[in-house]
């Protein structure tokens with residue numbers, strides 16, 4: 001019969017098991033790891049640098065595969081230089097040009113486009129005024145368009161984008177061929193445009209101005225303005 005006054009015994013078990021099982025084994029961890037090499041834990045510098053270069057090249061190739069076609073066939077950035085398109089576009093503004101739309105349809109009257117200057121080969125930003133096959137007459141500060149719809153001519157109403165007092169200087173009368181466009185700058189007194197270098201061919205039009213991206217506070221998209229031709233009033 002157990003003694004009621006005796007204390008209960010508590011037995012504990014070593015979680016590592018019986019220490020006698022480890023007799024003869026070294027506990028010097030430094031000595032045990034001496035045979036291990038650093039390369040067993042970390043890749044060599046040459047191997048890691050080579051892998052980095054390969055991954056970097058992959059990123060560059062993928063980026064070029066995406067960016068180059070976009071810039072070549074869809075969108076392209078341009079800076080405005082000079083004051084020839086004031087008051088609508090100013091010097092050093094950053095524009096995104098839509099090159100895709102004109103693969104689907106022809107340029108429209110009123111479109112602001114980037115063109116290649118046929119005289120100097122530089123890029124200019126201008127507005128399309130005359131379309132293929134039309135007759136363009138500039139006289140008394142006004143632009144008159146003659147076409148199949150208005151054989152007697154219609155004065156170009158540009159109040160959608162120009163101040164009412166803005167006049168178009170020059171005296172000319174020209175008929176465009178089936179592949180020519182007549183372009184003018186919005187700042188008519190200070191613009192190098194078709195009045196100087198003549199009509200431009202379709203292949204010299206790079207694309208339509210789609211977006212002003214800089215400065216940010218002036219960021220906006222652009223659409224073709226509504227332009228009317230005012231038919232002459234008959235007495």
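Bear in mind that the values in this text are calculations on the coordinates, not laboratory data. Note that the structure is a prediction, hence the values are computed from the model and not measured. Backbone-built Cβ (ideal geometry, glycine too); neighbour counts: all protein chains shown.
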Whole-number percent relative contact order across segment 98-142, with pairs defined as alpha carbons under 8 Å at least 6 apart: 31 percent
Computed FRET value (nearest 0.05) for residue 169 with residue 94, which takes r as the C-beta separation and R₀ as 30 Å: 0.50
Cα-only radius of gyration and Dmax that characterise segment 84-174, units Å: 14.6, 41
